[in-house]
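K.L.:
Below you will find the structure I want to go over with you.
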Amino acid sequence: MKIARVRYEGRVLAARVEGGTVFPVVAEDERHMSDAVRDLIADGRAEEVLSADVPGVPLADVELLSPLAAPQKIVCIGLNYADHIRETGLQTPEVPLAFVKTAHCLTGPQATVRVPRGTTEQLDWEAELAVVIGRTAREVSAENAMSYVFGYTVANDVSARDAQFSDGQWFRGKNFDGFCPLGPWIATASDVPDPQGLAICARVNGRTVQNSSTKEMIFGVAETIAYLSRYMTLYPGDVIATGTPHGVGMGRDPQLWLSDGDVVEVEVEGLGVLHNPIHVTG
Ligand code: ZN
């Protein structure tokens, strides 16, 4: 099943998507940090509830939002593709290198990423496979880890490289508003039999800049969940962005930074496309 959050007729709803039709089922309440999809996952009833027989709406008539609004955490894995490590010149990590983006970064699969003028001169993209956790995971083994996966989606780990590397740690450079386009929906795990065999790519203004496969990951999905869950509990709706392959702007010769009016597309095979224009404001 494909699960989306959509804005339709002024309301935000959790919906299933079938082809070009959206079936909005559950209205999200308007309180701060509400997240209808996260709550359905946590209740263990997302697919059951979203299977409801409700009237369909053409996909073109809704605004697709980030499929999760307020996961408890978004854990990102850095330097997790061998080809990307070579282009950065950094050392291959011996264990997954984890950092965090928080929910305020999330934005929709077609939303404009607005960057205030003067805040970065080195705006970059990172195409990533994102894993959505389905049930509470604590000290799980790699052998059992996949049973904790609810589904998969696509993330763009937008990064301001100047901010990222001038601070000594990555929080600011990875956490501007809008720096985590996510979506266009969550494909449940049964729709993705092998997450380590998916083509992954990014395009800037239609030109392919990243083109790889999730089989190039150093630490795969199962190993990453097992590793993280030794240290921190993973909760339903938590997102793990599993790192990016080669071809980010920082690693190119010459380097390529995003600027006002550029359009970044990120695609993972079978999971859909993120299409995010960049707008430098002010
Ligand atoms: Zn990343």
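K.L.:
Could you work out the percent of alpha carbon pairs in the chain separated by over 31 Å, rounded to a whole number? Display every interim value, and only then the final one.
P.N.:
On the way: 8581 of 39621 pairs.
That tail contains 22 percent of the Cα-Cα pairs.
K.L.:
Rounded to the nearest 10 Å², what accessible area does C201 show when all protein chains are kept and the probe is 1.4 Å?
P.N.:
20
K.L.:
Right, something else. Could you pull out every one of the lysines with an alpha carbon less than 21 Å from that of K174, ignoring same-chain neighbours closer than 8 positions?
P.N.:
K73, K101
K.L.:
Follow-up question, since we're still on this one. Per DSSP helix of 4 or more residues, -39500 (n - 2.57); summed, then divided by the residues of the chain. What does that give at 222 nm, rounded to the nearest 500?
P.N.:
Values: 7 runs with 44 residues, N = 282.
Here the helix-only value at 222 nm equals -3500 deg cm²/dmol.
K.L.:
With a 1.4 Å probe and all protein chains in place, put Y235, Y8 in order of accessible area, largest first.
P.N.:
Numbers: Y235 85, Y8 60 Å².
Final ranking, largest accessible area leading: Y235, Y8.
K.L.:
Need the list of aspartates and glutamates near K215 for cross-linking: C-alpha distance under 20 angstrom, and skip anything on the same chain fewer than eight residues off.
P.N.:
Straight-line reach from K215, under 20 Å: D83, E87, E94, E126, E128, E143, D157, D191, D194, E223, E267, E269.
K.L.:
Next up: Would you give the gap between the C-alpha center of segment 85-140 and the C-alpha center of segment 174-252, rounded to a whole Å?
P.N.:
Segment 85-140 and segment 174-252 have Cα centres separated by 8 Å.
K.L.:
If contacts are Cα pairs under 8 angstrom and at least 6 residues apart, what is the relative contact order of the chain in percent?
P.N.:
Details: 748 pairs, mean separation 69.2, N = 282.
That works out to 25 percent.
K.L.:
Quick one: divide the alpha-carbon radius of gyration of segment 1-94 by 2.2 N^0.38 Å and tell me what you get. Let's see the in-between values first.
P.N.:
Working: Rg = 17.6 Å, N = 94, 2.2 N^0.38 = 12.4 Å.
So segment 1-94 has a normalised radius of gyration of 1.42.
K.L.:
Name the cysteines of the chain that stand alone by the Cβ rule: no other cysteine Cβ under 4.7 angstrom.
P.N.:
C76, C201
The values are calculated or read from the model by the stated rules, or taken from the named source; none is laboratory data. All of these numbers come straight from a predicted model, not from anything done at the bench. All Cβ positions, glycine included, derive from the backbone under ideal geometry; neighbour counts span all protein chains shown. Remember, those area values only see protein heavy atoms, side chains included, never the ligands or the DNA or RNA. Shrake-Rupley method; radii C 1.70, N 1.55, O 1.52, S 1.80 Å.
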